[in-house]
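Here, each number is a calculation from the coordinates, and none is a lab measurement. In this text, all values refer to a predicted model and were calculated from it rather than measured experimentally. Every residue, glycine among them, receives a Cβ derived from its backbone with ideal geometry; neighbour counts consider all protein chains shown.
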Amino acid sequence: MEYHSNRFKDASYLVLKKNNVVAVLPANSVDDIIHSHQGLSYGGLILKPSLKLNEVILIFEALLYQLSIDGFKTLDLKFIPDFYALQSTNELKYLVHILNAELYKRDVLSVLDLKSSLPYNSSTKQAIKQAEDQSFEVKEVEEVESFWNELLIPNLKKRHQAKPVHSATEMQKLKQRFPFNIRQFNVYNDDLLISGCTVFETKTTAHIQYIAGSAVKSERVAIDYLHHYLISRVFNEKDFFDFGASTTNKGKNINEGLLFWKERFGARTYTQDFTRINLNKSIQLKSILE
């Protein structure tokens, strides 16, 4: 996270038992609010795999008590979506229920289960056939600058009056540090770059972080073909293919066009929850243990 440390005031915590780390909370603070790190797409409290529920209860109570002692009034805690977790994280969902935490945001994620996926719809199949007839070529490349400068930045500026969260320099630095987890794929037509996407890869999942196409007529065809290529050839041994969120306004609105496009590939809905815990209240979690 240090590549963008200047943007956040770090407030991360370690939880130790007999000098051994059993939990980590990647976090940053804004005034008297502590956030599951806002520089991470997915975060939350990361727990040692061997922990049992009674231990998680004691860890969470100790953490919340320390946050209160340190002057924080609110914890905004987000959850790792279930399909990313190597094991269940539902202990925390139970505990925030006990605390009557506020569910202030729920994002809709469109995810393809690669072990039991639905078939593509007819328009997607047609686009793939068009791309194959035009001899589009997908290449994995080491540099991201061409994609950033030629496609991503102009696209976001034109369509959303926005900029990528990461600069090309930041993404290149991250890619060099994590060459097996951050990968860049581009689509070419007669050596002309017409589409591309940046993929974050975990043990279970391939996640589309950025995607963009050129303004040429075949842009949508190229984007469809690129995703088909990644799903069927590159990441077909993964469990899940994550197209990312389709929601705005803290999960209360859905970009219907974007959602429809993702569901054309057979993607289904998963959710990511964001909860708010009042640290001013007396927190006695271990009292639920009889």
Beyond 23 Å (Cα-Cα) in this structure, taken from Lys9/Lys173; Lys73/Lys252; Lys9/Lys78; Lys48/Lys78, we find Lys73/Lys252
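Kyte-Doolittle cut-off 0.0, length cut-off 18 Å along the helix's own axis using Cα: show which whole DSSP H helices in the chain pass. Can you show the working numbers first?
Numbers: long enough: 53-69 (24 Å, 1.48).
Result, helices passing both filters: 53-69.
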Magnitude of the Cβ-charge dipole (Lys and Arg +1, Asp and Glu -1) of the range 1-143 about the Cα centre, nearest 20 debye, reported as 480 debye
Site Val216, offset 7 angstrom along Cα→Cβ, radius 12 Å on amide nitrogen, limited to the range 171-198, gives 187-196
The chain: longest segment with zero exposed trypsin sites (Lys or Arg not before Pro), where exposed means DSSP loop plus at most 14 other C-beta atoms within 10 Å, is residues 116-202
Per principal axis, largest first, the Cα atoms of the chain extend in Å by 66, 40, 35
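Could you give the length gained on full extension between Thr204 and Asp10, defined as 0.36 nm per residue of separation minus the Cα-Cα distance, in nm?
67.0 nm
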One computes Rg over Rh for the range 1-95 from alpha-carbon atoms, with the Kirkwood Rh, and obtains 0.95
Applied in sequence order to the range 113-119, the curve 6.51 cos²θ - 1.76 cosθ + 1.60 (Karplus, θ = phi - 60°) yields integer Hz couplings, x standing for Gly and Pro, of 7, 6, 8, 8, 7, 7, x
Quick note on Ser146, Ser214, Ser282, ordering by fewest other C-beta atoms within 10 Å, gives Ser282, Ser146, Ser214
quick shape note, the range 148-229: Cα extents on principal axes in Å, largest first -> 35, 28, 22
The alpha-carbon center of the range 120-199 and that of the range 217-278 are separated, in whole Å, by 15 Å
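Quick check on the range 169-290: what are the equivalent-ellipsoid semi-axes from the Cα gyration tensor, as sqrt(5λ), descending, whole Å? Present the calculation step by step, with values, prior to reporting the outcome.
Numbers: eigenvalues 254, 71, 46 Å².
For the range 169-290, the ellipsoid semi-axes come out as 36, 19, 15 Å.
Given Cα pairs under 8 Å that are at least 6 residues apart, what percent is the relative contact order of the chain? List each step's numbers first, then the result.
Values: 492 pairs, mean separation 77.6, N = 290.
Across the chain, relative contact order equals 27 percent.
Tell me, what are the semi-axes, in whole angstrom and largest first, of the equivalent ellipsoid of the range 60-202 as set by the roots of 5 times the Cα gyration tensor eigenvalues? Please report the intermediate quantities before stating the final value.
Working: eigenvalues 305, 94, 47 Å².
One finds semi-axes of 39, 22, 15 Å for the range 60-202.
For the range 175-244, which GluC sites (Glu not before Pro) are in a loop by DSSP, counting at most 14 other Cβ atoms within 10 Å? List each step's numbers first, then the result.
On the way: sites: Glu201, Glu219, Glu237; in loops: Glu237.
Within the range 175-244, the qualifying GluC sites (Glu not before Pro) (loop, at most 14 other Cβ atoms within 10 Å) are Glu237.
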